[in-house]
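The values are calculated or read from the model by the stated rules, or taken from the named source; none is laboratory data. Just so we're clear, the structure is a prediction, and the values are computed from it rather than from any experiment. Every residue, glycine as well, gets a Cβ built from its backbone with ideal geometry; the counts of neighbours run over all protein chains shown. These accessible areas exclude ligands, DNA and RNA; they are computed on the full protein's heavy atoms, side chains included. Shrake-Rupley method; radii C 1.70, N 1.55, O 1.52, S 1.80 Å.
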Amino acid sequence: EPEDLDWAFLKWKTAVRLDEKISAEWKSILKRVISQKEVYNWFHDFVKVINEQSIVISNEETRRPDRVVITKDGYTDIIDYKTGEEHSSSHSNQVKKYVTAYHNAGFKKVRGFIWYIYSGKIVTVDDGLTATQILYNDEKK
C-alpha cells in the first residue's frame, strides 16, 4: 500500500464529505485500482512523489497537478485525476501546460497523463514538443 494513500484518501474524503460506510467502500475500490499494472508505478515503485505542489505556468498563472512521480527509469510522470466525463480538449490542454512547465523547469523526460478514475481510461498527453526540440533543450541545460 502506498505511503501517502491514507493521507490522500482522508483529504479527499473530507473534501467530499463521505460517511464512514461509503468511505470504506471507496477506499477498498481505490486500493484495487492503484494496484492495476498500468498505474502501479505511480503509487508503488517510484523514486519521489510530489502531490499538489504549485508550478508556474506563466507570469500570471500557477497550477497544481494532482500527482507528479519521478520514476526509477528517470521519467517525470504528471498525472491528473478526473472523476467526471471525458473532456479531451480542456483536460488535455491543462496537462499540456503542466508538461511544458516541467520541461521549462529543467526536467528532461516528462510525460503527461489524464486518468479517468471511473472508466479506468488513461490518456497520454503530448505537450507538442518534437523529439528534436526536446533533444535541443536537453543539450542547452
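Considered as a group, the residues in region 11-22 that are more than 16 Å from residue 81 (Cβ to Cβ) and either part of a helix (DSSP H, G or I) or in contact with a strand residue (DSSP E or B) (Cβ under 8 Å, 6 or more places away or on another chain) (or both) include one that is most open to solvent (accessible area, probe 1.4 Å), and that residue is 21. In region 31-55, the residues that are under 18 Å from residue 119 (Cβ atoms) reach residues that are open to solvent by 80 Å² or more (accessible area, probe 1.4 Å) with C-beta atoms within less than 8 angstrom, at least six apart or across chains, in these pairs: 34/40.
Among residues of region 60-79 that are exposed (fewer than 13 other Cβ atoms within 10 Å of the Cβ), those with a beta-carbon under 6 Å from a residue that is part of a strand (DSSP E or B) at least six positions away or on a different chain give the pairs 62/56; 72/47.
With respect to the conditions (1) more than 17 Å from residue 115 (Cα to Cα); (2) outside any loop (DSSP other than H, G, I, E, B); (3) of a type outside the set (A, V, I, L, M), residue 74 lacks only one, and its number is (2). For region 80-117, filtered to residues that are among the small types (Gly, Ala, Ser) and not in a strand (DSSP E or B), the residue that is surrounded by the most Cβ atoms within 10 Å (Cβ to Cβ) is 101.
When the residues of region 23-47 are filtered to those that are assigned to a helix (DSSP H, G or I) and touching a Ser or Thr at 6+ places or on another chain (Cβ under 9 Å), the one that is farthest from residue 6 (Cα to Cα) is 41.
The criterion of being modelled with pLDDT of 85 or more, under 25 Å from residue 11 (Cα atoms) and touching a strand residue (DSSP E or B) at 6+ places or on another chain (Cβ under 9 Å) holds for residue 64.
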